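Below is one structure; the comments refer to it alone.
The values are calculated or read from the model by the stated rules, or taken from the named source; none is laboratory data. All values reported here derive from a predicted model rather than from experimental measurement. Neighbour counts run over all protein chains shown; Cβ positions are idealised from the backbone, glycine included. In case anyone asks, the SASA skips ligands and DNA or RNA and just uses the protein heavy atoms, side chains included. Shrake-Rupley method; radii C 1.70, N 1.55, O 1.52, S 1.80 Å.
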Amino acid sequence: MKILHLSFECYPIAKVGGLADVVGALPKYQAKLKTESNVIIPFYDNSFVRKSKKKELYQGKINLGNQFYEYTIYKNESKKIAFNLFYIYIENLLDKENVYGYEDDLYRFLSFQLAALDWIKNNEVSFDVFHCHDHHTALIPFFINYCEDFIDLKDTSTVLTIHNAQYQGQFSHDLVNLLPSFDTNYSGLLDWYGQINPLATGIKCASKVNTVSPSYMEELKEKANGLEGLLRTEGYKCVGILNGIDDLFWNPETDKMLVKNYKQTNVVSGKRKHKNELCKKYGLNPEYPLFGFIGRLVGEKSADLLPEAIKEAISKDKEISIFLLGSGHKNIEDELTNLKEEFKGNFNVHIGYDETLSHLVYAGSDFLIMPSRVEPCGLNQMYSLRYGTIPIVRRTGGLKDTVIDIGDDGFGICHDQASVWDICYSINRASILYKDKTFFRKIQKKIMKIDHSWAKSAQDYLTLYTSINKPSQIYND
Ligand code: ADP
Ligand code: GLC
């Protein structure tokens, strides 16, 4: 079976968050199941793409409205990537440095999807499944079923993975002529609440739809930024498949970004080394329990609650250290930065994105805080388990599916509300646990043994692909 993953992120080429980690890891595990996994992403203007060896495969043209764009398909030839990787180059559209945040993002998402289909249609390449990730590539199932230009591809199965339903890519019907001409009997498939909504269209038209954890799928049926009714109606083809982690890359025994590698048998000295390093660099006391946080500073992650929670927690207990790594809303960044002076010695923050530092935080922290309001899956908690760092999570989405409270014979600390009080209560429980060194070490060793590798979930995706009976997917409206 030949799979093509269509995505705007893929680690290590272009990463904003967990989507990159998933698309950079799942194909490797799919290859072990004798499926041929391919990935196609934009040809970014970044150092990885510039430096890596690649071969030009094809040149073609697409149009968005009445404007033509030339595109070029390249195949990666760098040995650093363990699966077939293709890039789409479009001058001034896809050759940007960053992944998102441009005024012409809509043009970038549309041109990417159209160029990918145009290349496949005009060449000897074929795939059994188009695996689309998030709204950026969610119009593919509509295009192949209802656009004359791509109708030859209609027998290809489609899977839409929803990594985050908050972002749906809506745009006005006034821009409908940016789309290739389609059978107007089906224009209703493009609409959701008066706008063209790529994520909703993907849910309606894909052969199968999945979220990145089972609990998130259930939650979306109740609350999904306007998509709940649709997910209930289309529920017959929807499923939740828990993300895995690349356990070869995220492995403290071999991780090249660590100062000293460690495993279960020397976890105490291994983590101590990284904790000392982190605390020295950021002026924190290594004798206190160290609470880490890594992530986007946005409401979904409850980052707006962190400044108040830090003040409260440190005011109540002077014997804790907290370190945050992240970037996001300017006001949250500023609030956190302002706390550095007031709580010097107990708290520090690094505003920005830093992959190497993130590995030091996973390895050096005693606890990792994830108080998310919404967490479709979350990878941080699984990385932290692997590095012997106890997760403190709000029971939501994938966090609920991967972390069991120590009070329930589990290994983490869980709370239910997205509130300052709940975060502080959990921090307090963690401090008490930290003082019981025998139990604390026992949990550290236990969590490092938990297997969250992609092996099982890669099999679940294969089962999902093989459950598709083409051409029965046509939507009846
Ligand atoms: P999301 O995709 O919603 O941001 P995930 O938990 O799925 O959340 O994945 C986040 C990924 O991004 C992890 O690999 C995490 O280590 C990484 N990450 C997030 N923020 C930063 C940062 N500021 N610096 C380095 N890595 C980060
Ligand atoms: C999204 C979600 C996150 C998930 C990631 C990878 O960014 O916010 O919870 O882990 O996608 O699927």
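Per-residue Karplus couplings for segment 354-370, computed as 6.51 cos²θ - 1.76 cosθ + 1.60 with θ equal to phi - 60°, are listed in order as 8, 4, 5, 4, 4, 5, 5, 5, 4, 7, x, 7, 8, 9, 10, 8, 9 Hz, Gly and Pro entered as x. Within straight-line reach of LYS204, meaning a Cα separation under 17 Å, sit the following lysines at least 8 residues removed in sequence or on another chain: LYS154, LYS221, LYS237, LYS470.
Ordered by solvent-accessible area of protein heavy atoms (1.4 Å probe), largest first, the residues THR438, THR72 come out as THR438, THR72.
Sorted on the mean count of surrounding Cβ atoms within 10 Å across their residues, most packed first, peptides 104-110, 133-139 read 133-139, 104-110. Annotation: amide H of TYR58 within the under-5 Å range of ILE73, sequence separation 5 or more or interchain, hydrogens built in the peptide plane.
Using the empirical formula 2.2 N^0.38 Å as the baseline, the Cα radius of gyration of the chain reaches a ratio of 1.00.
The listed peptides 112-120, 244-252, 338-346, ordered by packing as a protection proxy, come out as 112-120, 244-252, 338-346 (highest mean of other Cβ atoms within 10 Å first). Using DSSP, restrict attention to beta bridges with both residues in the chain and report what percent are antiparallel, rounded to the nearest 5. Among the beta bridges of the chain, antiparallel pairing accounts for roughly 30 percent. Of all lysines in the structure, the ones whose alpha carbon falls short of 16 Å from that of LYS96, not counting any fewer than 8 places away in one chain, are LYS15, LYS51.
Given R0 = 30 Å, the distance between the Cβ atoms of TYR100 and GLU253 translates into a calculated FRET efficiency of 0.30. Relative contact order, whole percent, for the chain stands at 13, derived from Cα pairs under 8 Å and 6 or more residues apart. Summarising the amide proton neighbourhood of SER453: residues at separation of 5 or more, or on other chains, whose placed amide H is nearer than 5 Å comprise ILE245.
Straight-line reach from LYS260: taking Cα to Cα under 22 Å and skipping same-chain neighbours fewer than 8 places apart, the lysines in range are LYS271, LYS273, LYS275, LYS280, LYS281, LYS442, LYS445, LYS446, LYS449. The order of the peptides 405-418, 9-22 by mean Cβ neighbours within 10 Å, most packed first, is 9-22, 405-418. Segment 167-222 gives an Rg/Rh value of 1.03, both radii derived from C-alpha positions and Rh following Kirkwood. The phi torsions of segment 219-228, fed into the Karplus equation with coefficients 6.51, -1.76 and 1.60 and a -60° offset, translate into couplings of 5, 5, 5, 9, 8, 9, 6, x, 9, 4 Hz, rounded to whole numbers, with Gly and Pro shown as x. Helix 330-342 versus the longest principal axis of the chain: what is the Cα-based angle in degrees, 0 to 90, to the nearest 10? The angle comes out near 10 degrees.
Think of a 1.4 Å ball rolled over the protein heavy atoms: segment 1-147 then has 39 Å² of accessible area per residue. Just the protein heavy atoms count here, and of the accessible area of the chain at 1.4 Å, carbon and sulfur take up 48 percent.
Secondary-structure-derived ellipticity at 222 nm for the chain, considering helices only, amounts to -10500 deg cm²/dmol, per-run term -39500 (n - 2.57) for DSSP H runs with n ≥ 4. Considering only beta bridges that DSSP places wholly inside segment 111-208, some 40 percent are antiparallel.
With a ≥ b ≥ c the root eigenvalues of the C-alpha gyration tensor of segment 70-161, is it rounded (a/c under 1.5), prolate (a/b larger than b/c) or oblate? Oblate is the answer for segment 70-161, as a/c is 1.5 or above yet b/c matches or exceeds a/b. Annotation for segment 322-398 versus segment 125-200: alpha-carbon center distance of 35 Å.
Which of the three applies to segment 291-349, rounded, prolate or oblate, going by the alpha-carbon gyration tensor with a ≥ b ≥ c and a/c under 1.5 meaning rounded? It comes out prolate by the Cα gyration axes.
I'd like the orientation of helix 420-435 relative to the chain: the angle between its Cα long axis and the longest Cα principal axis, in ° from 0 to 90, rounded to 10. That works out to roughly 50 degrees.
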